[in-house]
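Structure record follows, encoded as structure tokens.
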Amino acid sequence: MNSHFSLPDELLGEIFEHCLPPYPACPPFRGLGSPTTLAQVCPRWKSVAHGTPRLWRAIKLDLDPSNKNHITGTAARKRLDIAEAWLERSRSLPLSIVFHCPTHTMTPILSDAFATLLSHCSRWQYADIMVPASIPVEEQAGGEWRAMPMLLELQVYVHSADTEPHLGRLRPPNLKTFVGRLTDDSYYCEMLASEVWQNLTTLELNDIPLQDIAPLLSQTHALVHCWLDIWNHRPVDDFPDIQLPNLETLILKGHGQAGDTNTLLTSLTLPALQQLGILDAFIVGFAPADSDTHINSLVSLVQKLGCRESLTQLAIVTEWNVWSTYADDIQVALPSLRQLHLKPKEWLLALRDFWSSKTLL
């Protein structure tokens with residue numbers, strides 16, 4: 001008799017779980033590492049696999065043709081059918097959901113897929129969601145709050161105008177990590193309840209105008225890690241004072257005007273900051289009036305942020321190697337630093353080092 005026939009169902013189910021990517025990573029629908037493949041080995045394995053909800057709780061529904069070859073309507077429908085079967089087999093367990101789709105194409109299958117996943121949003125624990133443009137009016141959330149008691153990490157990407165309301169207004173009381181890219185950045189304050197912003201520990205906002213940052217950061221007192229990819233289309237006169245006493249990581253990149261970005265930086269107090277990644281253009285203007293040197297600008301910025309004693313890692317993105325020639329001077333001026341990334345080719349490595357473990361999906 002084969003040994004697997006003598007194993008209890010629960011133990012065999014645990015063995016199956018170790019054949020999949022560790023949760024919350026999503027296994028493929030088919031092939032190596034898929035619970036579907038395990039269920040095809042024999043009738044008993046199928047029975048055990050289908051009866052083990054943990055095997056089906058991480059679902060990646062990829063309907064984005066830019067990620068693979070062209071996806072026909074039939075293929076998309078088949079993927080949705082598989083996702084629906086996995087949702088049913090996962091029973092009441094928390095879910096890890098990844099939904100990738102075209103964000104400018106209006107097709108019924110995208111509406112159906114989005115509505116199906118949203119119908120289980122009370123079980124979402126980790127979610128990486130592209131919001132499609134094609135949502136029927138009856139599926140739009142309107143003004144009600146969506147209860148999402150299990151959600152810990154949320155990534156939302158919107159690329160079509162006026163589609164933010166399709167996801168609705170969210171109230172995930174345990175949310176710790178939020179990554180966003182919207183077309184209407186003013187909608188962030190409507191999307192998440194105010195108490196949610198207060199509990200966040202990790203925040204990444206992409207392509208966000210400067211004027212929409214202050215209302216958000218002023219609420220994130222528990223923030224530990226922050227990534228801002230900014231741009232600016234109109235001058236910003238002033239920012240309120242923003243104190244983030246727990247912030248350890250700040251990455252600031254984008255295409256804003258240096259003077260306007262300085263207005264943001266001047267408003268920040270970050271006494272616990274350890275890792276700083278910043279565009280060299282955003283350092284300009286912090287030197288004392290009688291000096292315009294790179295070193296004085298950098299030191300003035302660090303002093304203004306209030307992190308001269310805590311800062312241990314610094315990355316400056318630049319098209320030239322000018323900052324690398326100041327490495328020794330920077331080390332003398334900021335002796336708390338233990339690691340410098342000052343060459344253009346080091347920027348991406350620094351971002352990976354600073355941010356790779358901050359999100360799980």
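The values are calculated or read from the model by the stated rules, or taken from the named source; none is laboratory data. Computed from a prediction, not measured in an experiment: that's the story for all the values here. Because the Cβ atoms are built from the backbone with ideal geometry, glycine has one as well, and the counts that use them run over all protein chains shown.
Given the options Asp229, Asp238, name the one that is assigned to a loop (DSSP other than H, G, I, E, B) and surrounded by fewer than 19 Cβ atoms within 10 Å (Cβ to Cβ).
Asp238
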* Asked: Quick check: is even one residue across the range 81-99 on the phi > 0 side of the Ramachandran plot and within 27 Å of the chain's Cα centre (by Cα)?
  -> yes
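Among the residues of the range 302-351 satisfying the criterion of being aromatic (Phe, Trp, Tyr) and surrounded by 12 or more Cβ atoms within 10 Å (Cβ to Cβ), which is nearest to Glu153 (Cα to Cα)? Walk me through it before giving the result.
Of all residues in the range 302-351, those aromatic (Phe, Trp, Tyr) come to 320, 323, 326, 347.
Those left that are additionally surrounded by 12 or more Cβ atoms within 10 Å (Cβ to Cβ): 323, 326, 347.
Details: Trp323: 36, Tyr326: 39, Trp347: 26 Å.
Only one residue fits best here, namely Trp347.
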* Residue check, Leu192 under 23 Å from Arg123 (Cα atoms), without any contact (Cβ under 8 Å) to a residue 40 or more places away in the chain and of a type in the set (A, V, I, L, M) -> yes
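Residue by residue, here is whether (1) without any contact (Cβ under 8 Å) to a residue 60 or more places away in the chain; (2) crowded, with 20+ Cβ neighbours inside 10 Å; (3) part of a helix (DSSP H, G or I) holds:
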{"residue": "Leu61", "(1), (2), (3)": "yes, yes, no"}
{"residue": "Asp64", "(1), (2), (3)": "no, no, no"}
{"residue": "Thr74", "(1), (2), (3)": "yes, no, yes"}
{"residue": "Arg79", "(1), (2), (3)": "yes, no, yes"}
{"residue": "Trp86", "(1), (2), (3)": "yes, yes, yes"}
{"residue": "Leu93", "(1), (2), (3)": "yes, no, no"}
{"residue": "Val98", "(1), (2), (3)": "no, yes, no"}
{"residue": "Thr103", "(1), (2), (3)": "no, no, no"}
{"residue": "Ile109", "(1), (2), (3)": "yes, yes, yes"}
* To do: Restrict the check to the range 44-59 and report whether at least one residue is charged (D, E, K, R), under 25 Å from Leu152 (Cα atoms), under 29 Å from the mean Cα position of the chain (by Cα) and buried (at least 18 other Cβ atoms within 10 Å of the Cβ).
  => yes
* Structure fact -> If you go through Gln155, Gln198, the only one that is outside any loop (DSSP other than H, G, I, E, B), polar (S, T, N, Q), touching a Ser or Thr at 6+ places or on another chain (Cβ under 9 Å) and over 15 Å from Lys358 (Cβ atoms) is Gln198
* Return the pairs, sorted by first residue and then second, in which the second residue is among the acidic types (Asp, Glu) and at pLDDT below 85, the first residue lies in the range 283-301 and is in the same structural domain as Asn262 (by TED's automatic domain parsing) and assigned to a loop (DSSP other than H, G, I, E, B), the beta carbons are less than 9 Å apart, and the residues are 6+ apart or on different chains. => Val284/Asp292
* To do: Just need a number here: residues in the range 352-361 that are assigned to a helix (DSSP H, G or I) and either surrounded by fewer than 16 Cβ atoms within 10 Å (Cβ to Cβ) or modelled with pLDDT under 90 (or both).
  => 1
* Quick check: anything in the range 205-218 assigned to a strand (DSSP E or B), of a type in the set (A, V, I, L, M), in contact (Cβ under 8 Å) with a residue 12 or more places away in the chain and under 30 Å from Arg77 (Cβ atoms)? -> no
* Could you tell me which of the residues Thr202, Thr183 is closer than 20 Å to Leu268 by Cα and under 18 Å from the mean Cα position of the chain (by Cα)? => Thr202
* Asked: Scanning for something in a loop (DSSP other than H, G, I, E, B), in contact with a Pro (Cβ under 7 Å, 6 or more places away or on another chain) and of a type outside the set (Asp, Glu), does the range 246-257 turn up at least one residue?
  -> no
